[in-house]
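Values quoted throughout were computed directly from the atomic coordinates according to the rules given, and no laboratory measurement underlies them. Everything numeric here is computed off the predicted structure, so don't read it as measured data. When we count neighbours, we look across all protein chains shown, and the Cβ atoms used for this are built from the backbone with ideal geometry, even at glycine.
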Amino acid sequence: MAHELKQLSRYHNSMKLSYLLAGVLLLAPAALAEGLPDLGDYSQTVLTPQDERRIGEEIMREIRGSGELVNDIEVADYVNTLGYHLVTHSADNQQAFYFFVIADPTINAFALPGGFVGMHTGLILNTRSESELASVLAHEIGHVVQRHMARMMAEQKRATLPSLGLMALSILMARANPQLGSAALMSTQAGLVQRTLDFTREHEREADRVGLQMLEASGFDNRAMPAFFETLMKGTRFIDGSAPSFLRTHPLSTERITDMRNRVEQTPYKQVLDSIEFHLIRAKLRATEGNAADTVKYFANSLAEKKYSNEAAQRYGYALALMRERSLDQAQQQLDKIRTIIPSHPMLETLAAQILQAQDRPLDTLSQYRNALNVYPKHRALIYGYAENLLLLSRNDEVLKLLQDKQLAFPNDGYLYELQSRAYAAQGKDLLRHQAQGEAYYRSFNLDGAAEQMELALKSGDGDFYQLSIVEARLKQLQKLINDNKPKE
Ligand SMILES: [Zn+2]
């Protein structure tokens, strides 16, 4: 599958993810089957966790390339914190997870092989409480910990069908374009669809059960799960058919909802408050939607009419929308009002720095970032912003010192390496620049790109013997990984 995906991505790089994935399925069920990773002993019908991870990483790379991934680090950190809170309360928490958000107004979430769990902005915006959002994530985590992808693979093999690659892609595709997905599936694989749905229903019930346990153990309101799923099924709360894409990949039934209800009604009701981050992240996503003028109007009206679930968050969204219009003084006024409700929060400190930057006050921007980082040393939006602004002022030694320090705290953060590469480039240090870029690619699941950068580093002509041998060792390691990942003939 890796090979076919790579080839397609060369042709379709500029196309939207939905079309890319539609293309993959329409063109390629047979080809996908050929290119699937070797599963070793065929009597062993279930994929290894390593196989799953590899397939998940490959799909992640396509998603990144599609430009639909929400790159905002505060959004990413929020969903990962929420997701990991649930994961640590699941029975099996050995698996590594990676939660991400896709810019799409429809309501959907999906699990890929290898612990990758995606959700649409539409899901976050359409949930009424954090417990509702957690319900959907818990259900998805349920699919992962029960290893449904691998089991589906085993089932497919029994029915001699092209399998995991096809399933992963068709799930992704149905997510991206429900109508096309369904048409493609129906015309080519009518039998497969029926068998898959039967199999999926069993998986759905299992994901509900495991998800509900997780939700309870994590301290969320377990009644949110049947409530949200019922709303989805009725489809009354949502316009433009935004709900059905989730329903297509996770078929719901009255029976399932009744099962959930029976279960939660045996537990005592508890009131659970949403975190302030839930409100702030929703306001942020809302503030980046549509055109700036309409968004400003929406926030202004809702504040005037007091139509909001959290005033501070609503003002935060308003401030962000005002910044899009470059109404910086008004944005600052909103921030001042928020501070009378919430005196300090890392997301507010980030906003304060961003306003200063937009006002073209570089030194004030830097000191805002520096002071805020002293209070919130692990808030990555502050780290990124501080490093980017140091780079703008060519304060490269300071950037490098900051990044070295933060890379210890976030060893898997590719962007920190990207920034490091820029600082080295500014200093004219070619070996170090390519080495850091290679490490950035490695962390975006781009092994080929990483190896290429290490080769460039070796050819750069600078760097001492010690540096060269580190790069050489790393290149060998990457080449071995690339080789291990190749489907065996
Ligand atoms: Zn499901």
Calculated P(r) tail over 19 Å for the range 276-341, as whole % of Cα pairs
18 percent
Starting from the 7 Å offset along Cα-to-Cβ, what nm value, one decimal, do you get for the label separation of Arg339 and Val272?
3.4 nm
Highest mean first, how do 79-87, 124-132, 141-149 rank when packing is the count of other Cβ atoms within 10 Å averaged over residues?
141-149, 124-132, 79-87
Taking amide H atoms as placed 1.01 Å from N in the peptide plane, list the residues 5 or more away in sequence, or in a different chain, whose amide H sits under 5 Å from that of Ile102.
Val70, Met119, His120, Thr121
List the residues whose amide H sits under 5 Å from the amide H of Phe116, counting only those 5 or more places along or on another chain, with H placed 1.01 Å from N in the peptide plane.
Tyr98
Show me, for the range 320-325, the HN-Hα J-couplings you get by feeding each phi into the Karplus relation (A = 6.51, B = -1.76, C = 1.60, θ = phi - 60°), rounded to Hz, glycine and proline as x.
5, 5, 4, 5, 4, 8
Student exercise, the range 276-341 dipole from Lys, Arg, Asp, Glu Cβ charges, in Debye to nearest 20:
80 debye
Of the listed links Lys406/Lys486; Lys337/Lys378; Lys429/Lys480, those spanning more than 31 angstrom between alpha carbons are Lys406/Lys486
Paramagnetic label zone (point 7 Å from Cα along Cα-to-C-beta, Gln359; backbone N under 19 Å) in the range 303-338:
316-338
How far apart, in nm, are the 7 Å Cα→Cβ label points at Glu311 and Tyr466?
5.9 nm
